[in-house]
Amino acid sequence: MTEIEPGKYDVLIIGGGPGGYTAAIRCAQLGLQVALIEKGELGGVCLNWGCIPTKSLLHSADVLREIKKAGDVGIRVGSFDIDLGTMVQRSRDVAAQLSQGVKHLMRKNGIDVVVGVARFLEPGLVEANGRQFRAANIILATGASARDLPHVKTDGKLVWTAREAMTPSFLPGKLLVIGAGAIGVEFASFYSTLGSSVTLVEALDQILPTEDAEIATLAQAAFEKEGIRVLTGIAVEEVKSSAKKVSASINGKQEKYDALILAVGVSGNVQDLNLEAAGVSTDKGFVTVDSRQQTDTTGIYAIGDVTGAPCLAHKASHEGVKAAESIAGLNHAPLDRKRIPGCTYSYPQIASIGSTEAALADREIKVGRFPFVANGKAHAIGEADGLVKTIFDASSGELLGAHMIGPGVTELIQGFVIAMGLETTEAELIETIFPHPTLSESMHESVLSAYGRELNI
């Protein structure tokens, strides 16, 4: 690539994850000259070391679970083996293929890609690999990295971050997972299905702390049914590792494990950016932005995980589009964080949108519940555990929240996302015809339940 001329670009994007590359594409669509600086693989953590490869691994676990249950549906399966190495390699191949796809999109849209670590020299001027890049607008999309605990440090050997948990060289007989958010829960589910004896520890009073309490309680019961030991309201006090074992102090008792996964949240990747030179402020390690994704320095924007929770790829992509359109002078509605869906791809799956019941304690609401045990399709596929819960404003009928646990709910939740986006009321949802037999009928029945009109329970 030839030397970049100062002032060549309208927009410079730092970070090539879901937010960064989406912002780059949208900027290019709007006729802006764009360069993107990425220090690693295009696609960022999500595509290469998060969302995508973990779903590949979890799919392997799903297939294994189906094999184990095959006899229940009249299919006799002979002996089978678990090939952990092949599972891991497949997940890496999927990630690599999609990263190549992002490279294609960059070329297709005429976006210059620069490999390097970027740092500000001044507002509008960035250095990477000894070269300087100037742009009228800069978008920070550097993502976030896993946090350690003061007394628990990952070592890549027996004390793992999510990255090591995705590429294990062995299957732990006993595994400790610290942190029961989406990442911790997904890994606990994956390793438990493969045969590890898993202990899942959460310092707060419920697992999946951002989810509705009723759903979290059902999730814990389901995980325990699957053989996962779940401990809440407990902090791991001390961790020591030797060549072959990890020792953890839990409730004053020493317990030994073959490996430990630390999944206690993330911090924004701001350490290399020299934000002080650009006058960009942070709060608790995350870049602060307004409703247009602009920082407190004119012309500098930030999107995705580097701006804080919720740390979700689809949120980053949406913010990337908003930042691009802000730069182009287009008007758009501010991001409504209550309408960002959350999904956990464990067994069972969990999905949600909007407010929890607890968050609406000071508001008059109507709550509907419909269990999958009353759904015909759920019985047909042998997955009759779970619940669809909907919450409406009592006076207006506005859908305020939807919370689901059970088969396929990470795909079903989009129906409620669209409903909230269109400001659909309970009356419109009640009049909507859902196909039969489908799992989605449980969504309709939950709405009916909120108004005392449920038909199948």
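Each reported figure results from applying straightforward, stated rules to the coordinates on display, with no laboratory input. All values derive from a computational prediction rather than experimental measurement. Because the Cβ atoms are built from the backbone with ideal geometry, glycine has one as well, and the counts that use them run over all protein chains shown.
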Given a Förster radius of 35 Å and the C-beta distance between residue 148 and residue 115 as r, what FRET efficiency does 1/(1 + (r/R0)^6) yield to the nearest 0.05? 0.80
Measuring from label point to label point, each 7 Å out along Cα→Cβ, what is the residue 245 to residue 436 span in nm? 5.9
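If the limit is 26 Å between Cα atoms, which of 240/315; 174/240; 39/338; 315/377 go over it? Don't skip to the answer; put the middle values down first.
Numbers: 240/315 37 Å; 174/240 15 Å; 39/338 32 Å; 315/377 32 Å.
Flagged as over cut-off: 240/315; 39/338; 315/377.
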Taking Cα pairs closer than 8 Å and at least 6 residues apart, the relative contact order of the range 398-457 in percent is 28
Here the relative contact order (percent) of the chain, from C-alpha pairs under 8 Å and at least 6 apart, is 15
Magnitude of the charge dipole, the range 159-264, Cβ model with Lys/Arg +1 and Asp/Glu -1, debye to 20: 620
Could you pull out the chymotrypsin sites (Phe, Trp or Tyr not before Pro) across the range 1-88 that fall in loop regions by DSSP (anything but H, G, I, E, B) with no more than 16 other Cβ atoms inside 10 Å? 80
Cα-centred dipole magnitude for the range 200-353, charges only on beta-carbon of K, R (+1) and D, E (-1), debye, nearest 20: 340
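Over all pairs of distinct alpha carbons, what does the Kirkwood formula give as the hydrodynamic radius of the chain, in Å? Spell out each step's value before the answer.
Numbers: mean 1/r = 0.0421 Å⁻¹.
This gives a value of 23.7 Å.
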Sort by residue number and name the cysteines in the chain that have no neighbouring cysteine Cβ under 4.7 Å. 27, 311, 343
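When only DSSP loop residues count, what GluC sites (Glu not before Pro) in the range 1-91 have their Cβ near at most 15 other Cβ atoms within 10 Å? Working shown, then result.
Values: sites: 3, 38, 41, 66; in loops: 3, 41.
Answer by residue number: 3.
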So what is the relative contact order of the range 219-373, in percent, for Cα pairs below 8 Å that sit 6 or more residues apart? 12
Starting at the first residue of the range 126-135, write each ³J(HN,Hα) from the Karplus equation 6.51 cos²θ - 1.76 cosθ + 1.60 with θ = phi - 60°, in whole Hz, x for Gly and Pro. 10, 10, 8, 6, x, 10, 10, 10, 10, 8
Hey, what D do you get for the range 348-450 in µm²/s if you plug the Kirkwood alpha-carbon radius into Stokes-Einstein at 20 °C and 1.002 mPa s? 159
From the Cα centre of the range 223-275 to that of the range 351-365, the distance in Å is 31
So which aspartates and glutamates can residue 157 reach, going by Cα to Cα under 16 Å and dropping same-chain residues fewer than 8 places off? 148, 258
What trypsin sites (Lys or Arg not before Pro) does the range 65-152 have in DSSP loop regions with at most 11 other beta carbons within 10 Å? 76
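When the helices in the chain are scored as -39500 (n - 2.57) per DSSP H run of 4 or longer and the sum is shared across all residues, what 222 nm value do you end up with, to the nearest 500 deg cm²/dmol?
Working: 13 runs with 145 residues, N = 457.
Value at 222 nm, helices only: -9500 deg cm²/dmol.
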By how many degrees, between 0 and 90 and to the nearest 10, does the Cα long axis of helix 441-450 differ from the longest principal axis of the chain? 80
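Note down the Stokes-Einstein diffusion coefficient of the range 90-239 in µm²/s, whole number, using a Kirkwood radius over alpha carbon pairs, 10 °C, and 1.306 mPa s.
Details: Rh = 18.9 Å.
Translational diffusion coefficient: 84 µm²/s.
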When the dipole is taken about the Cα centre of the chain, and only Lys, Arg (+1) and Asp, Glu (-1) are charged at their Cβ, what size is it in debye, to the nearest 20? 1240
Could you tell me how far the Cα centroid of the range 50-68 sits from the Cα centroid of the range 6-38, in Å? 34
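Given a Förster distance of 56 angstrom, what is the FRET efficiency for residue 232 paired with residue 333, based on the Cβ-Cβ distance and rounded to 0.05?
Values: r = 38 Å, r/R0 = 0.68.
Efficiency computed from Cβ-Cβ geometry: 0.90.
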Helix 51-68 versus the longest principal axis of the chain: what angle, 0 to 90°, nearest 10, using Cα atoms? 20
